[in-house]
Amino acid sequence: MDHFNFKDGELFAEGCSVRSLAATHGTPLFVYSRTTLEQHWFAFDNAFGDYPHQIHYAVKANGNLAVLGVLAKLGSGFDIVSGGELKRVMAAGGSAGKVIFSGVGKLEWEIELALDVGIECFNVESMAELERIARIAKARGKVAPISMRINPDVDAKTHPYISTGLKDNKFGVSLERALSCYEFAHQHPNLSVLGVACHIGSQLTELSPLEDAMDRLLEFVKKLRTTGIEIKVVDFGGGLGVRYQDEMPPLPDQYWQALLTRMQAHDLTLPVAIEPGRALLGNAGIMVTRVEYIKAGEVGKFCVVDAAMNDFIRPALYGAYQEIINVDQEPDSKAAVYDVVGPICESADFLGKDRTLAVKPGDLLAIRTAGAYCFALSSNYNARARAAEIMVDGEAAHVVRKRESLEDLYALESLIE
């Protein structure tokens, strides 16, 4: 569900004309819908009902302060992977006590910051990291709450770049090695065992890999109990997919029923944490771009727009499909097949290939499902300023990130004699 719909042939974001937003704020332009974001969060929260649970939004999907602030007001927790993301959460009004710190390469200063502000838990990904956290916690007179992130060696059946639960991925520790990590943590005075965690990948479109991982994780929880180590929360991670083209990912209530069924099968009743990112933000955003040229090639046609791979790298990075639509529907316009490309000097600079569109220079296009992993992955490649971000709330449009100026691109640089 989203709130980007046509009214009399014109695309609106909630109560705001997308054409008017582009005229006011320029293009390329990211537009987010607050109502869509909130409805997606409540879809997860309501699916769990009264069962003890905590939703930790995966900040890496989109770390804009307005996004984080809206979620913080709903009572959301946050899943972070850097000290910078922690600072963002706190600047947006998020509670440090609802922050889970994941990631394989936590730096010393990041661990120190997390301990000082009192995060909820470190999701630990190696024995080396566990030893580092213990050492820093001891030096600062703290007790660090930890969960080990288990790598269950389960194929998430997703793109290999976003698969995280196979034994040849860098993430987590194997079930075989995890027991010794827990024994170390259980015995260390500056570590406190909170839970167990698992995350097998992103853009999951079926439940069977998740159920497989759940079974392995819950069996391990029971094994820990036999050693006297009690787990207080099970973190099943995130990764639930969204619809980009013809995918039919599970709904939040289906996801929860799968979790509940597996826990009942293992005779376990434990509080649950989840870490959705894309599933909350993906369909809550679009990117708007303007057609600059129509170019006839030797074997096809190119629709050259003002957005590029620096603004929107998913197609170049993952070969991802993103739906591209006209902002203004003109029924009598003649359509043709185009590769939608940008100005970057790379052949990988495309936003969509073989798209049937009725376009002419000056037209506006909207790329759907652009709320997650789009602006977050943007860059200044080819000395291009990053786009502005807008959040609409009914008929109100808020600038939540100003467009960069060209001077911003070199403001931190210096000449030498």
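Where a number appears in this text, it was derived from the coordinates with a stated rule and is not lab data. All values derive from a computational prediction rather than experimental measurement. Reconstructed Cβ throughout: ideal geometry from the backbone, glycine too, with neighbour counts over all protein chains shown.
May I ask you to order 192-199, 269-276 by the average number of other C-beta atoms within 10 Å around their residues, highest value first?
Working: 192-199: 23.0, 269-276: 21.2.
For the peptides 192-199, 269-276, the packing ranking is 192-199, 269-276.
Give me the net charge for the shell around HIS3: Cβ to Cβ below 11 angstrom, other residues only, Lys and Arg +1, Asp and Glu -1.
In short, -3.
With contacts defined as alpha carbon pairs under 8 Å and 6 or more residues apart, what's the relative contact order of the chain in percent? Mind showing how you got there, number by number?
Details: 922 pairs, mean separation 79.8, N = 417.
Taking the mean separation of contacting Cα pairs over the length of the chain, I get 19 percent.
Report the gain in length on full extension from GLU346 to LYS301: 0.36 nm times residue separation, minus Cα-Cα distance, nm rounded to one decimal. Walk me through the numbers on the way to the answer.
Working: separation 45, 0.36 × 45 = 16.20 nm, distance 1.71 nm.
Full extension from GLU346 to LYS301 adds 14.5 nm.
Placing unit charges on C-beta atoms (Lys and Arg positive, Asp and Glu negative, everything else neutral), compute the dipole magnitude of the chain about its Cα centre in debye, rounded to 20.
Numbers: 41 positive and 55 negative charges, 141 e Å.
The calculated dipole for the chain is roughly 680 debye.
Would you work out the Kirkwood radius for region 103-274? I mean one over the mean of 1/r across all pairs of different Cα atoms, in Å. Don't skip to the answer; put the middle values down first.
Working: mean 1/r = 0.0602 Å⁻¹.
For region 103-274, the Kirkwood estimate is 16.6 Å.
Among VAL173, LEU251, ALA139, whose Cα sits farthest toward the positive end of the charge dipole of region 103-274 (+1 at Cβ of Lys/Arg, -1 at Cβ of Asp/Glu, about the Cα centre)?
Working it through, the farthest residue towards the positive pole turns out to be ALA139.
So what's the back-of-envelope 222 nm ellipticity for the chain, counting only DSSP H runs of four-plus at -39500 (n - 2.57) apiece and dividing by all residues, rounded to 500? Could the numbers behind the result be given before it?
Numbers: 11 runs with 120 residues, N = 417.
Rounded to the nearest 500, the figure is -8500 deg cm²/dmol.
How big is the shadow of the Cα convex hull of region 1-130, averaged over all directions, in nm²? Please list the in-between numbers first.
Values: hull surface 41.1 nm².
That works out to 10.3 nm², a quarter of the Cα hull's surface.
Would you mind counting up the charge near VAL67? Only other residues with Cβ under 14 Å from its Cβ, with Lys and Arg at +1 and Asp and Glu at -1. Write down the numbers at each step before the final one.
On the way: positive: ARG34, LYS60, LYS73, ARG88, ARG278, ARG401; negative: GLU38, ASP79, GLU85, GLU389, ASP393.
Once positives and negatives cancel, what remains is +1.
Run the dipole for region 103-274 about the Cα centre, Lys and Arg Cβ at +1, Asp and Glu Cβ at -1, nothing else charged, and hand back the magnitude in debye, nearest 20. Intermediate values should be presented prior to the final figure.
On the way: 18 positive and 24 negative charges, 109 e Å.
For this selection, approximately 520 debye.
Take every DSSP beta bridge with both residues inside region 103-274 and express the antiparallel ones as a percent of the total, to the nearest 5. Write down the numbers at each step before the final one.
On the way: 1 of 19 bridges.
Here the antiparallel bridges make up roughly 5 percent for region 103-274.
From the C-alpha coordinates alone, can you work out the Kirkwood hydrodynamic radius of region 176-335, in Å?
19.6 Å
With springs connecting C-alpha atoms under 10 Å apart, model the chain as a Gaussian network and identify which of PRO209, PRO152, PRO361 has the largest mean-square fluctuation.
Highest fluctuation among the options: PRO361.
Report the antiparallel proportion of the DSSP beta bridges in the chain as a percent, rounded to a multiple of 5. It would help to have the intermediate numbers written out before the result.
Values: 34 of 72 bridges.
Of those bridges, close to 45 percent are antiparallel.
Report the local net charge at PRO276: Lys and Arg +1, Asp and Glu -1, summed over other residues whose C-beta lies under 13 Å from its C-beta. Before the final figure, lay out the partial values.
Working: positive: LYS60, ARG278; negative: ASP45, ASP79, ASP235, GLU275.
Result for the local shell: -2.
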